[in-house]
Ligand code: AHG
Ligand code: MN
Ligand code: MN
Ligand code: MN
């Protein structure tokens, strides 16, 4: 089986990008080990700190953030970094070619129940001059690489550098990422959806109507029975969509009028949107392609609808109607 190094070489990835991907991959191996020690190492549970998102940080949110930050600081290809767990952007190396945005631990609420968690990352080109938040505010189309690592029954790395999506599985004995799917491809049609149904009463009219029609199954306008899944970790839900198709959405809601969206653009929506597009799927807010968004701030949140192309189009058609 082909290694990560061999695949990147075949794709003629530059030395500096290869180096950065290796920094991320090596750190994810260490995170995978830390996560597996769980309760044995006293790693479960929350801290008393809050992040800039207003979320109480889990111990592992902070530990994984520090691991990634430390590793990226030691990589001279990195100009700056931004993380879900860092209030502000962090300057790294003056001459670095890349900016890295990451969600060190996605699915924090799953930690204490030993369920799926992951790491999400997005790599952007560095811009001239002093590093500021503005340096990062580039469209998702600028991403030179994006991926996630899933700490599940096996540890998997899904990666794109613009040549489709490759999936690697971490060999537990040799500790090497081996290519197990050279070209992930999302089926155009699906009969599976992922949404947190408990928020139903807070959604906008288009999403209310779309999901109601899915739930009607064969007797409804879709004339098809749909199944539902919700892992509560975007990495897990997106991985299922990349593996066998589906539609995943965290739509606009009015539960908290000051916070109408849950997922973050720079280190959740953008990298996942690039992976999904590279695998033949679509990613939208309902009104705009995710990758076309002009970011306004590093912790900006957006509505996300992504997955099987025809199903995303159907969902979007509900957004074109006046309610
Ligand atoms: P994070 O743990 O990095 O803060 O992200 C959690 C996100 C995402 O992974 C998941 O899809 C969603 O929150 C789950 O939200 P609910 O708890 O509302 O289901
Ligand atoms: Mn969080
Ligand atoms: Mn997350
Ligand atoms: Mn997180």
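The values are calculated or read from the model by the stated rules, or taken from the named source; none is laboratory data. Since this is a predicted model, take the numbers as computed values, not measurements. All Cβ positions, even for glycine, are placed from backbone atoms using ideal geometry, and neighbour counts span all protein chains on display.
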Report task. Check whether at least one residue in the stretch 196-215 is part of a loop (DSSP other than H, G, I, E, B), under 16 Å from residue 306 (Cβ atoms) and within 15 Å of ligand 1 (Cβ to nearest atom), and report yes or no. Result -> yes
Query raised in the report: If you check every pair at least six apart or on different chains, which have Cβ atoms under 6 Å apart with a residue in the stretch 102-115 that is within 11 Å of residue 45 (Cα to Cα) and in contact (Cβ under 8 Å) with a residue 24 or more places away in the chain first and a residue that is near ligand 1 (Cβ under 8 Å from one of its atoms) and part of a helix (DSSP H, G or I) second?
Result: 108/61
**Report entry** Given (1) modelled with pLDDT under 95; (2) under 15 Å from residue 175 (Cβ atoms), number of the condition residue 44 does not satisfy
**Finding:** (2)
Query raised in the report: Does residue 176 qualify as being touching a helix residue (DSSP H, G or I) at 6+ places or on another chain (Cβ under 9 Å) and surrounded by 15 or more Cβ atoms within 10 Å (Cβ to Cβ)?
Result: yes
Requested in this report: Give the residues of the stretch 35-92 that are touching a residue at least 40 places away in the same chain (Cβ under 8 Å), away from ligand 3 (no atom under 16 Å from the Cβ), under 20 Å from residue 266 (Cα atoms) and not in a helix (DSSP H, G or I), sorted by residue number.
Outcome: 77, 78, 79, 80, 88, 89, 91
Report summary line: Matching residues in the stretch 123-149 (under 19 Å from residue 264 (Cα atoms), more than 16 Å from ligand 2 (Cβ to nearest atom), in contact (Cβ under 8 Å) with a residue 12 or more places away in the chain and not in a loop (DSSP other than H, G, I, E, B)) number 12
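Could you grab me the full set of residues in the stretch 80-93 that are away from ligand 4 (no atom under 15 Å from the Cβ) and either in contact with a helix residue (DSSP H, G or I) (Cβ under 8 Å, 6 or more places away or on another chain) or over 13 Å from residue 135 (Cα atoms) (or both)?
Answer for the stretch 80-93, where residues must be away from ligand 4 (no atom under 15 Å from the Cβ) and either in contact with a helix residue (DSSP H, G or I) (Cβ under 8 Å, 6 or more places away or on another chain) or over 13 Å from residue 135 (Cα atoms) (or both): 80, 88, 89, 90, 92, 93.
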Requested in this report: Evaluate the following for residue 150: is it touching a strand residue (DSSP E or B) at 6+ places or on another chain (Cβ under 8 Å) and over 17 Å from residue 283 (Cβ atoms)?
Outcome: yes
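So that you can scan it fast, the table gives a plain yes or no per residue for (1) loosely packed, with under 15 Cβ neighbours inside 10 Å; (2) within 30 Å of residue 97 (Cβ to Cβ):
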position: 14; (1), (2): yes, yes
position: 29; (1), (2): no, yes
position: 36; (1), (2): yes, no
position: 44; (1), (2): no, no
position: 47; (1), (2): yes, no
Report task. Look through 66, 75 and report the one residue that is touching a helix residue (DSSP H, G or I) at 6+ places or on another chain (Cβ under 6 Å), more than 11 Å from ligand 1 (Cβ to nearest atom), closer than 30 Å to residue 15 by Cβ and modelled with pLDDT of 95 or more. Result -> 75
Query raised in the report: Taking the stretch 93-115 as the region of interest, how many residues are assigned to a loop (DSSP other than H, G, I, E, B) and either more than 16 Å from ligand 2 (Cβ to nearest atom) or at pLDDT below 95 (or both)?
Result: 6
Requested in this report: Please work out if residue 158 is modelled with pLDDT of 95 or more, within 17 Å of residue 69 (Cβ to Cβ) and either touching a helix residue (DSSP H, G or I) at 6+ places or on another chain (Cβ under 9 Å) or surrounded by fewer than 17 Cβ atoms within 10 Å (Cβ to Cβ) (or both).
Outcome: no
Query raised in the report: Where residues in the stretch 112-125 are surrounded by fewer than 23 Cβ atoms within 10 Å (Cβ to Cβ) and on the phi < 0 side of the Ramachandran plot, which of them is nearest to ligand 3 (Cβ to nearest atom)?
Result: 116
Query - Contacts under 9 angstrom Cβ, first residue in the stretch 245-260 being closer than 16 Å to residue 300 by Cβ, partner at pLDDT below 95 and surrounded by fewer than 12 Cβ atoms within 10 Å (Cβ to Cβ), 6 or more apart - result: 259/54
